[in-house]
Amino acid sequence: MLNMDQKLLKREEEGKIIRTGIVGAGQMGRGMVTQMAIMKGISPAIVSDIKLENVINAFHYAGITDDQIVVAKTLEEANKYMEMGKYVATENSELISQANLVECAIDVTGVPEVGVKIAIDSMNNGKHVVMMDVETDVVIGPYLKKLGEKNNVIYTGSAGDEPGTVMELYSFAKAMGMQVKVMGKGKNNKLDYACNPDTVLPEATRRKMSPRMLCAFKDGTKTMVEMTAMSNATGLIPDIIGGHGPSASPAERCKELNSIFRLKKDGGILNKHGVVEYVNGIAPGVFVTIATENAEIAYQMQYHSMGPGPLWTLYRPYHLCNLETPLTVAKAVIDREPTIIPIDGPVSECITVAKKDLKAGEYIDGIGGYTTYGSIATAEETRANGYVVYGLINKKSKMKKDVKKGQLLTLSDVELDTSTQLYNVRKEQDDMYRK
């Protein structure tokens, strides 16, 4: 994001404010609205949520007064109020993709079935799309990337989310000519594969979080989704299904990882290099572990206090989630460059695991729910074994067979809901890459 401050200031001075449309005004959306409101050259011009009061509250947190806020129910109203320079609140998310002055649509819902519609409609209307909904990206990201190219707009994941944040480290290392052996993120919620919205409710209430969101963090699904996005953007793959998940400390810049991520034959934990991984204890940081074959560069790395080698870890100890997202918007609009996108077709998939014993005929649910959680496997393994892509699970999905807790679910085990837009777009994507 080098020099982006100057680029945004120039837009401000020229009166070319980047008007964004934000879908979702919960905790993530609220913070994004507030952040964007204090920046130069960019504006949260129209915000939607199923609860209108969430949008109004988000504007208020940003210091926007009631006389600056208007409620729009129709596209005509939204266009008129935006042209007047008002901040528009709406319950109708379709206005985001249709409003004339919106340059970039941002999905902050975390709901794949919502994300797919927002992204497709927005790009078909000539708007850039920033996808904070990584759960959608890991299901149909390659399709959305190609749709963006077709419409001459940018489709991208977000800076601030771990995949976008670590992509900056990855690109930095690759630009320097280093070999990236491992790429990953920290995890600080202790893994609890059996947790559900009820068991985490007291903690969620205390932390002012959605129980389903907290559950998705604790059962590891969010970590697996994020690792899948990293894999699809770089070609790195999981060493084993689900990853190893070693523990380390952020002290001394995660130098423990230099030893942990050696190959097994060299005393480490890995079967191979070129992998994505997660590490307990170093959240909210992200890292890449790198190497070089050049003896002089190896000497210089040791001289710069990075450790003796042959591996060195670059560690960023924070990611600012929604607060960094406006920078991705600016990069897409001004530089016409994405922060993170899939290379092409899926490299890895987030797959489905039974959270408990499941019975034939039982309806199951998806992210942050009671019956399943996500893991990561290569796309090749997923196709060969018929594993169920996790993002396609919803409350209408039904078990065909009995399965045991911890079992990887296959298409022969589960009857998927084939009526959704997400399912049908995924089917188009699968057909696209079979050719």
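The values are calculated or read from the model by the stated rules, or taken from the named source; none is laboratory data. Just so we're clear, the structure is a prediction, and the values are computed from it rather than from any experiment. Neighbour counts run over all protein chains shown; Cβ positions are idealised from the backbone, glycine included. Areas reflect the complete protein model, heavy atoms only, side chains present, ligands, DNA and RNA absent. Shrake-Rupley method; radii C 1.70, N 1.55, O 1.52, S 1.80 Å.
Students often get this wrong, so check it: of Lys181/Lys356; Lys222/Lys265; Lys222/Lys355, which have C-alpha atoms separated by over 25 Å?
Lys181/Lys356; Lys222/Lys265
Less than 29 Å apart at the alpha-carbon level, and either on another chain or at least 8 residues along: which lysines does that give for Lys86?
Lys7, Lys10, Lys16, Lys40, Lys51, Lys73, Lys117, Lys127, Lys331
Rounded, prolate or oblate: which fits segment 12-115 when a ≥ b ≥ c are the square roots of the eigenvalues of the alpha-carbon gyration tensor, with rounded for a/c under 1.5 and prolate only if a/b beats b/c?
rounded
How do His60, His319 stack up against each other in accessible area, from largest to smallest, with a 1.4 angstrom probe?
Largest accessible area first, the list is His60, His319.
Using the Cα centre of segment 198-330 as origin and beta-carbon charges of +1 (Lys, Arg) and -1 (Asp, Glu), tell me which of Pro250, Pro317, Gly220 is placed farthest towards the positive end of the dipole.
Positive-end residue among those listed: Gly220.
Report Rg(Cα)/(2.2 N^0.38 Å) for segment 351-397, keeping two decimals.
Relative to the rule-of-thumb radius for its length, segment 351-397 sits at 1.13.
If packing is taken as the average number of other Cβ atoms within 10 Å across a peptide's residues, how do 283-289, 11-17 rank, most packed first?
283-289, 11-17
Once the principal axes of the Cα atoms of segment 100-206 are found, what is the range along each, listed largest first in whole angstroms?
Principal axes ranked by extent give 45, 41, 23 Å for the Cα atoms.
Run the accessible area of the chain with a 1.4 Å probe and give the carbon-and-sulfur part as a rounded percent. List each step's numbers first, then the result.
On the way: 9510 of 18760 Å².
That share works out to 51 percent.
With the cut-off at 1.5 for a/c, could you classify segment 313-353 from its C-alpha gyration tensor as rounded, prolate or oblate?
Verdict is oblate for segment 313-353.
When a/c reaches 1.5 or more, the comparison of a/b and b/c decides; with that in mind, is segment 364-420 rounded, prolate or oblate per its Cα gyration tensor?
The shape class here is rounded.
Which whole-number value in Å² is the accessible area per residue of the chain, probe 1.4 Å?
Each residue of the chain exposes 43 Å² on average to a 1.4 Å probe.
Between the DSSP loop rule and a limit of at most 13 other Cβ atoms within 10 Å, which trypsin sites (Lys or Arg not before Pro) in segment 251-286 are left?
In loop regions of segment 251-286 (DSSP not H, G, I, E or B), the sparsely surrounded trypsin sites (Lys or Arg not before Pro) are Lys272.
Could you size up the charge dipole of the chain around its Cα centre, putting +1 on the beta carbon of Lys and Arg and -1 on that of Asp and Glu, and report it in debye to the nearest 20?
With only Lys, Arg, Asp and Glu charged at Cβ, the dipole is about 720 debye.
Sort 198-207, 388-397, 152-161 for me by packing, meaning the mean count of neighbouring Cβ atoms within 10 Å per residue, highest on top.
Values: 198-207: 13.7, 388-397: 21.5, 152-161: 24.8.
Most protected by this proxy first, the peptides run 152-161, 388-397, 198-207.
I need the peptides 41-52, 184-195 ranked by packing, meaning the mean over residues of other C-beta atoms within 10 angstrom, with the highest value on top.
Working: 41-52: 22.3, 184-195: 18.4.
Sorting 41-52, 184-195 by mean packing, highest first, produces 41-52, 184-195.
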